[in-house]
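Structure, as structure tokens:
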Amino acid sequence: MGFCEVEDCENSAKYFIEWYGLNQYGENPVVVDEIDVCEFHLVKSSVHPDYGGVPDNIGDIEPEKDRPDLLEEIVKKLSG
């Protein structure tokens, strides 16, 4: 398992956060950016500096598993 990708953080990464983009036809979403973070930086790291808004997917690194429940909680926290 890797480390949290937040600057100056030395914690082990527990989650991955993904942002999707569409092709020129507005179809076929693909991952355009991804970051691995620890539990302490999950909410703060969910706002992408270039794409804004909320991520398209969040999941556990080990085992690699999407977590729609966690994404829903993050969306609630970021929405106020």
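What follows draws every value from the coordinates through simple rules; no lab data is involved. Keep in mind that this is a model prediction, so the values were computed, not measured. Don't worry about glycine lacking a Cβ; one is built from the backbone with ideal geometry, like all the others, and counts go over all protein chains shown.
Contact order, relative form, for the chain: 28 percent (alpha carbon pairs under 8 Å, 6 or more residues apart, mean separation divided by residue count). Taking label points 7 Å from Cα along the Cα-to-Cβ direction, Ser12 and His48 give a separation of 2.8 nm.
The stretch between Val31 and Glu62, if pulled fully straight at 0.36 nm per residue, gains 9.3 nm over its current Cα-Cα span.
Ignoring solvent entirely, what values of log10 I(q)/I(0) come out of the Debye formula for the chain at 0.14, 0.17, 0.23 Å⁻¹ when each Cα is a single scatterer? For the requested q values the scattering log ratios are -0.45, -0.66, -1.11. Quick one: helix 68-79 against the long Cα principal axis of the chain, what's the angle to the nearest 10°, folded into 0 to 90? Tilt relative to the chain: about 90 degrees. Annotation: extensible slack from Glu5 through Gln24 equals 3.8 nm (criterion: 0.36 nm per residue apart, minus Cα-Cα distance). All Cα-Cα distances of region 33-74, cut into 5 Å bins from zero to the largest, leave 5, 22, 36, 27, 8, 1 percent in each bin in turn.
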